[in-house]
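Each remark here refers to the structure printed beneath this line.
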C-alpha cells in the first residue's frame with residue numbers, strides 16, 4: 001500500500017504523559033503546554049482526565065485546565081471520561097469549555113481489565129455504553145482506547161482475535177474511532193500489523209490510530225509498520241512524557257518530536273513546526289526538572305547550541 005502523504009498526530013502529553021507524575025504540576029503549566037502544542041501546529045490534543053482525584057491526583061485540576069485553555073479553531077481537544085460521573089463533570093462547565101471528544105478505554109486482555117478496573121472486558125464495555133450514548137447525544141465525538149493490543153504484563157502475548165473482540169464491542173456501543181495501543185511497548189512490526197488487521201475488521205482505516213510505547217525502542221518501527229497499512233493517525237507525547245506503571249523501566253509514550261522528525265524525513269506532512277514542538281517539550285521538561293526524553297530534540301538542540 002502507498003504510504004499516507006499526510007499524518008495527523010494526537011499529542012497525549014498533557015493527559016497520558018503527566019497523569020503518573022508524582023510531583024504536582026500546576027494547572028498553569030499544563031495550560032502553557034497545551035498552548036505551546038497548538039502553536040506548534042498540533043491539531044489534536046488530549047488535555048486531561050475526569051477521574052477521581054483519589055486515584056489520579058495529578059488530574060484533580062481538570063475543570064481549571066479546560067477553563068484556562070484558549071482554544072484555536074481547527075484543534076480537537078479530548079478528555080478521558082472513564083464513567084458517567086466523569087462525563088457529567090466534563091460537561092458541567094459552560095458549553096464552550098466542553099471537550100470536543102471524550103475517550104473511553106478497554107483492554108484486549110482479561111487479566112489487565114480485572115487488575116486495572118476490576119471487571120471483565122465485557123463488563124467494562126457495558127459500563128461505557130451509557131457514557132458513549134450520552135456523549136453522542138450531545139454531539140461530542142467518542143474515541144475508544146484499546147490497551148494491551150499486542151502484549152500484557154499479566155497474560156503475555158495477546159492474540160489478534162482478542163483485539164478483534166474488543167474492537168467489535170467498542171463498535172457495538174457506538175465508539176467512532178479507536179486507538180490500537182501497545183501499552184507496555186513490547187510490540188514489534190508484524191505483531192502490530194496483526195493487531196491493526198484485527199481492528200480493521202470492525203473499523204475503517206480512517207477511524208484507527210496507533211499508540212505505541214517505546215519500552216524496547218520499537219515505537220518508530222511500529223509506527224512505520226502501521227503507516228504501511230495506510231494508518232495516518234498516531235498518538236505520541238511531547239518530550240516522551242509518561243511511563244507505564246505496569247512495565248518496570250518502561251519509557252512510556254514515543255516522543256512526538258521523534259515521530260515528526262521521522263515523518264518529515266519521509267516527505268510526509270504533519271503541519272507541525274518541529275522547532276516549536278521541541279521548545280514545548282523543553283518547557284514541560286524544565287517544569288519537571290529533567291531533560292526531554294527525545295533523541296531528535298537532543299540532537300537538534302545540540303546543533304542549535306553550535
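Determine whether segment 119-133 contains at least one residue that is part of a loop (DSSP other than H, G, I, E, B), farther than 22 Å from residue 199 by Cα and touching a helix residue (DSSP H, G or I) at 6+ places or on another chain (Cβ under 8 Å). Scanning segment 119-133, I find at least one residue that is part of a loop (DSSP other than H, G, I, E, B), farther than 22 Å from residue 199 by Cα and touching a helix residue (DSSP H, G or I) at 6+ places or on another chain (Cβ under 8 Å), so the answer is yes.
From 287, 239, grab the single residue that is in contact (Cβ under 8 Å) with a residue 40 or more places away in the chain, at positive phi and outside any loop (DSSP other than H, G, I, E, B).
Numbers: 287 fails: at positive phi.
Checking each option against the conditions leaves just 239.
Scanning segment 120-134 for residues that are within 15 Å of residue 147 (Cβ to Cβ) and loosely packed, with under 14 Cβ neighbours inside 10 Å yields a single hit, 120.
If you check residue 111 against the conditions, is it farther than 30 Å from residue 161 by Cβ and in a helix (DSSP H, G or I)? Spell out how you get there, then give the answer.
Values: farther than 30 Å from residue 161 by Cβ: no; in a helix (DSSP H, G or I): yes.
Judged against the criteria, residue 111 is not a match.
The lone criterion from (1) assigned to a helix (DSSP H, G or I); (2) touching a helix residue (DSSP H, G or I) at 6+ places or on another chain (Cβ under 9 Å); (3) farther than 22 Å from residue 89 by Cβ; (4) in contact (Cβ under 8 Å) with a residue 12 or more places away in the chain left unmet by residue 149 is number (1). Is it the case that segment 254-269 has a residue that's at pLDDT 95 or above, at positive phi and out of contact with any strand residue (DSSP E or B) (no Cβ under 7 Å at 6 or more places or on another chain)? Yes, the conditions are met somewhere in segment 254-269. Sub-7 Å Cβ pairs linking a first residue in segment 78-101 that is at negative phi and in a helix (DSSP H, G or I) to a second residue that is surrounded by fewer than 20 Cβ atoms within 10 Å (Cβ to Cβ) and at pLDDT below 95, at least 6 apart or interchain, number zero.
Per-residue answers, yes or no, for (1) part of a loop (DSSP other than H, G, I, E, B); (2) at pLDDT below 95; (3) buried (at least 24 other Cβ atoms within 10 Å of the Cβ):
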position	(1), (2), (3)
19	yes, yes, no
22	yes, yes, no
25	yes, no, no
29	no, no, no
33	no, no, yes
41	yes, no, no
46	no, no, yes
55	yes, yes, no
63	no, no, no
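Report whether or not residue 205 is surrounded by fewer than 17 Cβ atoms within 10 Å (Cβ to Cβ) and either within 17 Å of residue 45 (Cα to Cα) or under 18 Å from the mean Cα position of the chain (by Cα) (or both). Considered against the rule, which asks whether it is surrounded by fewer than 17 Cβ atoms within 10 Å (Cβ to Cβ) and either within 17 Å of residue 45 (Cα to Cα) or under 18 Å from the mean Cα position of the chain (by Cα) (or both), residue 205 comes out as yes.
The values are calculated or read from the model by the stated rules, or taken from the named source; none is laboratory data. Note that the coordinates shown come from a computational prediction; the quantities given were computed from them, not determined experimentally. FYI the Cβ positions are ideal-geometry reconstructions off the backbone, even for glycines, and counts take in every protein chain you see.
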